[in-house]
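The values are calculated or read from the model by the stated rules, or taken from the named source; none is laboratory data. Note that the coordinates shown come from a computational prediction; the quantities given were computed from them, not determined experimentally. With ideal geometry, Cβ positions are generated from the backbone for all residues, glycine too; neighbour counts draw on all protein chains shown. Note: areas computed on protein heavy atoms with side chains; ligands, DNA, RNA excluded. Shrake-Rupley method; radii C 1.70, N 1.55, O 1.52, S 1.80 Å.
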Amino acid sequence: PQQRSSSADMLSVSLRDCEAWQSEGLPLSTASNEACKMYDATLTQYVTWRNDTSLGGIEGCISKLQAADPNFVMGHVIASGLELIGTGRSVLLDDQLASAVRKTVELSKTQSITERERLHVSAMEMFSKGCFPKACVLWDEILLDHPTDLLALKFAHDTYFYIGHQTEMRDSVARVLPHWKPHMPLYSYLKGIYSFGLLETKLYDQAEKIAKEGLALTPGDAWAVHAVSHVHEMRAEVEKGLKFMEQTENNWKVNLFKAVRLAPDSR
């Protein structure tokens, strides 16, 4: 298998079906290959901070995923989880989201699913209730036995960031890195994620080194660019930072989520 392309067009790569997820030790409890592929497409866009318009973006992929298998528990986990992690909606104020979370929990009790998937449901439910540290504990529990579960890793990473747990944010990635191999899909993006944890714990030299390793593999990794830009900021390297941003602009400006924050003239 080849490294996942950094292009926004994921039609050129092979999205993982039921058998592929099973072979990676991350079985998904659905018989629908389309649901598995759209789960992969949604996860990929979340990790890479890109919308694949050829597949309808994240929203389009979630719609296709749920149409392919309305009772696919992990499909509901990633759909509701992304709404929650985005922090723009709350179950306290949004009845539709609250209902979606309840449905996910109910499905998990009636479906035959794996323990890993059950922990995912519990973590999402804890997050929805505002129990962020508990949600992180559950995601890290998943990673103990399934260190290549990128959804658990990314949800934990983002949540540790929200609650200001910089050391845990760094170490949750550091613990799983030895279990990842360069051929695995989205491998290079772990370097960008890890570099941000190093940056937040003031390990600037290591953060820059790891981020640039990721950029050497995937120049369009906006999270790695983001880490390097902050390293220059923290060192007060204004000219070096501006030069770096200008030199890499063609790689990150297509990123729909981070282009505004990365633009040198943005505030």
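Looking at Trp180, is it more than 19 Å from Val225 (Cα to Cα), surrounded by fewer than 23 Cβ atoms within 10 Å (Cβ to Cβ) and within 16 Å of the chain's Cα centre (by Cα)? Full working, then the answer.
Values: more than 19 Å from Val225 (Cα to Cα): yes; surrounded by fewer than 23 Cβ atoms within 10 Å (Cβ to Cβ): yes; within 16 Å of the chain's Cα centre (by Cα): yes.
For Trp180, the condition - more than 19 Å from Val225 (Cα to Cα), surrounded by fewer than 23 Cβ atoms within 10 Å (Cβ to Cβ) and within 16 Å of the chain's Cα centre (by Cα) - is met.
Quick one: in the stretch 83-108, which of the residues that are part of a helix (DSSP H, G or I) and open to solvent by 30 Å² or more (accessible area, probe 1.4 Å) is farthest from Leu150 (Cα to Cα)?
Of all residues in the stretch 83-108, those part of a helix (DSSP H, G or I) come to 83-85, 95-108.
Pick out the ones that are also open to solvent by 30 Å² or more (accessible area, probe 1.4 Å) and you get 83, 95-96, 99-100, 102-103, 106.
Numbers: Glu83: 17, Asp95: 29, Gln96: 27, Ser99: 26, Ala100: 22, Arg102: 24, Lys103: 23, Glu106: 24 Å.
Filtering first and then ranking leaves Asp95.
Please specify each residue of the stretch 183-198 satisfying the condition of being closer than 14 Å to Tyr160 by Cα and open to solvent by less than 30 Å² (accessible area, probe 1.4 Å). Please lay out each step first, then the result.
From the stretch 183-198, those closer than 14 Å to Tyr160 by Cα are 193-194, 196-198; that's our starting set.
Ile193, Phe196, Gly197, Leu198 - these are the residues of the stretch 183-198 that are closer than 14 Å to Tyr160 by Cα and open to solvent by less than 30 Å² (accessible area, probe 1.4 Å).
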Checklist entry - Would a scan of the stretch 111-125 turn up a residue that is surrounded by fewer than 22 Cβ atoms within 10 Å (Cβ to Cβ), modelled with pLDDT of 95 or more and among the basic types (Lys, Arg)? => result yes
Next on the checklist: Any residue that is of a type outside the set (Ser, Thr, Tyr), touching a residue at least 40 places away in the same chain (Cβ under 8 Å), outside any loop (DSSP other than H, G, I, E, B) and crowded, with 19+ Cβ neighbours inside 10 Å - is there at least one of those in the stretch 214-232?
Outcome noted: yes
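Considering each residue of the stretch 143-156, count those that are out of contact with any Cys (no Cβ under 9 Å at 6 or more places or on another chain), without any contact (Cβ under 8 Å) to a residue 60 or more places away in the chain and surrounded by 23 or more Cβ atoms within 10 Å (Cβ to Cβ), and give that number.
First pass over the stretch 143-156, keeping only residues out of contact with any Cys (no Cβ under 9 Å at 6 or more places or on another chain): 143-154.
Okay, now just the ones that are also without any contact (Cβ under 8 Å) to a residue 60 or more places away in the chain, so 143-145, 147, 152-153.
After this cut, where a residue has to be surrounded by 23 or more Cβ atoms within 10 Å (Cβ to Cβ) as well, the list is 152-153.
Of the residues in the stretch 143-156, 2 are out of contact with any Cys (no Cβ under 9 Å at 6 or more places or on another chain), without any contact (Cβ under 8 Å) to a residue 60 or more places away in the chain and surrounded by 23 or more Cβ atoms within 10 Å (Cβ to Cβ).
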Checklist entry - What are the residues in the stretch 67-82 that are under 26 Å from Phe132 (Cβ atoms), open to solvent by 10 Å² or more (accessible area, probe 1.4 Å) and out of contact with any Lys or Arg (no Cβ under 9 Å at 6 or more places or on another chain), if any? => result Ala79, Leu82
Checklist entry - Of everything in the stretch 26-57 that's open to solvent by 10 Å² or more (accessible area, probe 1.4 Å), under 24 Å from Val173 (Cα atoms) and among the hydrophobic types (A, V, I, L, M, F, W, C), which residue is modelled with the highest pLDDT? => result Leu28
Checklist entry - If you go through the stretch 161-170 one residue at a time, do you hit one that is over 16 Å from Leu26 (Cβ atoms), open to solvent by less than 30 Å² (accessible area, probe 1.4 Å), among the aliphatic types (A, V, I, L, M) and at pLDDT 95 or above? => result yes
